[in-house]
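For reference, the structure is listed below as C-alpha cells.
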Amino acid sequence: MRPSDVTRLVLLGGIWGASFLFIKVALDDLTPLQIVATRIGVGALLLVGLLYARGGRIPRDRELLRTLAVMAFISNIVPFGLITWGEQYITSSLAAILNSTTPLFTVLIAAAVLPGEALRTVRLAGVVLGFAGVGVIVGFDSGGSLQGIIAVTIASLSYAAGFVYARRHLSGRDLPPLALPATQLLISTVLTLPFALVDVANTPPTLTLDGTASTLALGLLGTGWAYVLYYRLIADIGATSASFVTYLIPIFGIVLGAIVLNEELGVNTLAGATLVIAGIGLAELGNRRPVPSEATACEIEEGAKRSSETKAR
C-alpha cells in the first residue's frame, strides 16, 4: 500500500469517525429529523452533481429503483435517524464504538441468508468476542442511557441488513461507481424532506455557526465526499484493504469526542471497545481473501456496500 493510499485511508476513517462528533454538535441547533434530512440532501446534491459532471446519469430501471428505495430506507433513513436520536442520550464516543459492530451483524445476517457465507469457527469466535465487548460496555456504567445504546445498536443492525441486501440484489450492476449511492441518497431525500419540512414548521431550528458548520460537514464530508474517497481506495487497493477503515472509525470517534467535547470514557468502555475491534479483526480474518491486483466493477460496488461508515456516516 502506497503512502498516499494510507493517507486516504486514515482520512476516510477520520471523516467517518468525526461524523459522530458532528451529529452531537448539530443536535444543539436541530432536531434529529432535521439533521438527517439535511445531511442526506446535502450529500445527494454533491454526489448527483459529481455523477453528472463525470458523464453519468441517474438510472431509470424501475426494478433497480425499487431496490434502491429499500436501500435508502434500511441503509440511510433508519440508521441515520436512530444514531442521531440515540446521540441525544449517549456520548459521541460511545455511539462510534457501538456503530462499529456493523461488520459483526453483517457476518451473522450473511451467514443466514447468503449462499457460501458459512459461519466458520474463526468468524464465529470474532462475532462472540465483539458482542462480548458490547456486553462489557452495557453491563457497567457506560456514561449513557440504555435507550440511546439500543438505538445505535439497532442502527448498526440496519446497516448490516443493507450491506447483505445490496450484495444479494445489486452486485454486478454495470453502472458508473457513483450512480448507485447518488440515486440512493436522492431517493432518501425525497422520502425524508416532507417530514422534515413539517418538523421545521413545528420546531424552528436555532442556527449557530458551530451547529450549521457541523451539519454541512456531516452532509458534504461524511455522507458525500467519503463515498468518493472510498470508491477510489477500492479501485486502487481493493475492497479487502479498504475495509481496514472499519478499525479506524471508532478510534477517531473516541479521540475526537474526548478532545473536542471533553467526553470521558470509563475503563469498561475502553475495554469493551478493544474487544469489539478485536472481534471485528478476528471475524474479518476468517473471511480474508487475497487482494486482487485490479478491482473489477463488481468488486468495487460490493466493497462499497460492505463499508460501515456509508454511512454514519
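Only the coordinates and a few stated rules stand behind these numbers; no lab work does. What you see is a predicted model; the values in this text were computed from it and never measured. Because the Cβ atoms are built from the backbone with ideal geometry, glycine has one as well, and the counts that use them run over all protein chains shown.
Along the charge dipole of the chain, which of Leu180, Gly224, Gln88 sits closest to the positive end, that is, farthest toward it, with unit charges on the beta carbon of Lys, Arg, Asp and Glu (+1, +1, -1, -1)?
Result: Leu180.
Taking the mean number of other Cβ atoms within 10 Å as a proxy for protection, how do you rank 219-230, 2-13, 87-98 from highest to lowest?
87-98, 219-230, 2-13
Return the sequence-ordered ³J(HN,Hα) values of the stretch 93-106 in whole Hz as given by the Karplus equation 6.51 cos²θ - 1.76 cosθ + 1.60 applied to θ = phi - 60°, using x for Gly and Pro.
Rounded to whole hertz, the list is 4, 5, 4, 5, 5, 5, 5, 6, 7, 3, x, 5, 4, 4.
Would you list Phe163, Phe105, Phe131 from fewest to most Cβ contacts within 10 Å?
Arranged by neighbour count, lowest to highest, Phe163, Phe105, Phe131 become Phe131, Phe105, Phe163.
Report which label in (1) 5, 23, 27, 21, 15, 7, 1, 0; (2) 6, 29, 37, 22, 5, 0; (3) 6, 24, 28, 24, 14, 4, 0 holds the value of P(r) over Cα pairs in 10 Å bins from 0, in percent derived from the coordinates of this structure.
Correct label, based on the coordinates given: (2).
Separation of the stretch 8-54 and the stretch 166-227 by C-alpha centroid, Å?
Taking the Cα centre of each part, the stretch 8-54 and the stretch 166-227 sit 7 Å apart.
Relative contact order, percent, of the chain when contacts are C-alpha pairs under 8 Å separated by at least 6 residues?
Numbers: 524 pairs, mean separation 125.5, N = 313.
Relative contact order for the chain comes out at 40 percent.
With the dipole of the chain worked out from charges on the C-beta (+1 for Lys and Arg, -1 for Asp and Glu) around the Cα centre, which of Val25, Leu104, Thr208 lies farthest toward the positive end?
Result: Leu104.
May I ask you to evaluate 6.51 cos²θ - 1.76 cosθ + 1.60, the Karplus curve with θ = phi - 60°, for each residue of the stretch 36-42 and list the ³J(HN,Hα) values in order in whole Hz, giving x for glycine and proline?
Here the 3J(HN,Hα) series is 4, 5, 5, 5, 5, x, 5 Hz.
Quick one: which of 59-70, 262-273, 19-30 comes out on top by average Cβ neighbours within 10 Å, and what's the full order, highest first?
Details: 59-70: 14.3, 262-273: 17.0, 19-30: 24.6.
Ranked by mean Cβ neighbours within 10 Å, highest first: 19-30, 262-273, 59-70.
Treat every Asp and Glu Cβ in the stretch 3-306 as -1 and every Lys and Arg Cβ as +1, leave all other atoms uncharged, and give the resulting dipole magnitude about the Cα centre to the nearest 20 debye. Don't skip to the end; give the middle numbers.
On the way: 18 positive and 19 negative charges, 168 e Å.
With Lys and Arg at +1 and Asp and Glu at -1, about 800 debye.
I want the local charge near Leu124. Using Cβ-Cβ distances under 14 Å, sum +1 for each Lys or Arg and -1 for each Asp or Glu among the other residues.
0
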